[in-house]
Amino acid sequence: MDQDPTVLLVDEDSAAIDSIRRVLGEQASRFKLRHVTDVPTALARIWGGGIDVVLLNLASGGAENPLAPFRELQEKAQDVAVVVLCDSGGEGLARSAVQQGAAAYLLCEAFEADLLKVLRSAAGKSVPSPAIPRTLTSAGKRGKMIAFMGAKGGVGTTTVALNVAAALAGRRRVILVELHPELGSLPLYFQPHRSARDIGDLLAAARRTQEFECSLWPVKNVPSLQVLFGPRNDRNSVSLDPGNAIDILALASEIADYVILDLPASFSETNRAVLENSDCLTLVVERDPISVQSAKLILNRVDSWKTGKLTIGTVILNRAALVSPMPFAEIDAELRVATLGVIPPAPDLCAAAQHAHSPMVTLDADSLASVALRDLGREIEERVPPARPVERSETRPLAAGQVNQHASHKMTPAEVR
C-alpha cells in the first residue's frame, strides 16, 4: 500500500471535511483527502484511479433510502473499500451496511479516536481486482458474444441492444440477455404473460441447463429472437456474480449464433468477467460532453482489464435534437475507437414501438432510425462474423412485419444531423 493512501469523502455537508482533515493532518503518517458531494461524482473519481478508501456519510442518502448510495458504490466500484459514517441514531443502518460488505463504520459523534485505525485497515483490504474465477472454454463457446453498455445510465442502451438483436435475427438464432441484477426494463417493454420466467428464476433453479431454454421468451414477429429478461420485480432481484454470469453466457452460446448482452453501466467484477469473455463491446454514447467523458473513463478501465481480442466500438445515439451537439470529429478524437453507427432521433417511433411491444426495426422498417439500427447490426456482423455459415435449411421466410436486414442502404453521418 502507498505511504499516503487517498481517502474520498462523500458527504453533502462540506463542513464535515474540516474535522476529518484536522484528525488526519495530526497523524505522523498522513492520508490524502478528497471530497465530493454525491455518488455519481465519487464514481467518476474512483474510475479515474488513485482512490484507496471511500468514506461515505449515510446521511447523504436521504431519509427514504439512506443505504442507496452505499449499494450503488458496492455495485459499481467493488474493488474499493467503503467505510460508512453515521450518527448514533443510524447505527443500525451502518451495521446493515457492514453486513452487506462495508469495511467498517464510524459514529460521527465519536470518530476521532478510531478514524486513522479504521482507514488504515480498510486501505489494507482495498486490493486490485482479483482474477476472474471462471471463463468460457473455447470448446464450449459457439455463439458470438456482443456486449452493449451505456456511457452512463439512461442513454438508451437497452433499446439499441434490442433492435440490433432483432436485426441480426433475420438469418441467425439470437438470444438477448438482460444482465441486470435489479428490475429489468425489457419485461416492462414487452409485457409478457406473468408465467414468463426471468434471470432470477433461472439462477434459483437447481438444474440451470434444463431450465435455460424454458426461461427464454420468444419475440413476436421475430422468430429467431429470444429474450432472457432481467428481474421482473423486486422479489426476483439477483446477486449476479461473475460465476453466475459466465454460467448464463455458456448456456446461451451453446444454442445461439449471437448472444446480445445488455449490461448496466458499471465497473463491477461481473461486467469485467462478461467483457473478458465477449467478442465485441459496443458503447452507446450521446453527443454531449458528459456522455463522451464517461465513455472515455469506461474505455480506459476496459483497457486496463486487458480483455484480449475484444473488438470495441461506439454507437452515437441522437435521442433528442441537441442545441449544440459535439461534432463527430471531436468525439472520435476523444474516444479513439471506431464508430460503428449513428442513430438519428426517433422519439415518436420509440414510443409507438413500446406501445406495440415490438422492436422498432420490425414496426417501421423504412424509418431512418430502423435503417441505421440494421446498418449497425450488419457492421457488427462484418466485424464479428458468426462461428458457422448459414445453411439453406436454416433460412426461414420472413414473418409479416419482420425486417430483411440486408435490404437497406448504409447511412452517412450527414443523413442523421
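The values are calculated or read from the model by the stated rules, or taken from the named source; none is laboratory data. All values reported here derive from a predicted model rather than from experimental measurement. For neighbour counting, all protein chains shown are included, and Cβ atoms are generated from backbone atoms with ideal geometry for every residue, glycine included.
If the condition is being surrounded by fewer than 18 Cβ atoms within 10 Å (Cβ to Cβ) and touching a helix residue (DSSP H, G or I) at 6+ places or on another chain (Cβ under 6 Å), then region 181-197 contributes only S185.
Taking the criterion of being modelled with pLDDT under 90, aliphatic (A, V, I, L, M) and closer than 24 Å to L228 by Cβ, would at least one residue in region 314-325 satisfy it? Yes, that holds for at least one residue. When region 16-65 is limited to residues that are assigned to a helix (DSSP H, G or I) and of a type in the set (S, T, Y), the one that is modelled with the lowest pLDDT turns out to be S60.
One line per residue, one yes/no per condition, for (1) over 22 Å from the mean Cα position of the chain (by Cα); (2) surrounded by fewer than 18 Cβ atoms within 10 Å (Cβ to Cβ):
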| site | (1), (2) |
| --- | --- |
| A161 | no, no |
| R172 | yes, no |
| I175 | no, no |
| L179 | no, no |
| I199 | no, no |
| T209 | yes, yes |
| E213 | yes, yes |
| Q226 | no, no |
| D234 | no, yes |
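Under the condition of being under 19 Å from R172 (Cβ atoms) and either in a strand (DSSP E or B) or not assigned by TED's automatic domain parsing to the domain that holds A295 (or both), the residues counted in region 332-383 number 2. When S324, S294 are checked against the criterion of being among the polar types (S, T, N, Q) and under 30 Å from I246 (Cβ atoms), a single residue qualifies: S294. Against the list (1) crowded, with 22+ Cβ neighbours inside 10 Å; (2) free of Cβ contacts under 8 Å to residues at least 24 places away in the same chain; (3) aliphatic (A, V, I, L, M), the condition I248 fails is (2). Here the helices (runs of 4 or more DSSP H) wholly within region 223-331 that include at least 1 residues being under 24 Å from D79 (Cα atoms) and basic (K, R) are 269-276, 289-304.
Rundown of residues vs (1) of a type in the set (A, V, I, L, M); (2) touching a residue at least 60 places away in the same chain (Cβ under 8 Å), yes/no style:
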{"site": "T209", "(1), (2)": "no, no"}
{"site": "P231", "(1), (2)": "no, no"}
{"site": "A256", "(1), (2)": "yes, yes"}
{"site": "N277", "(1), (2)": "no, yes"}
{"site": "L281", "(1), (2)": "yes, yes"}
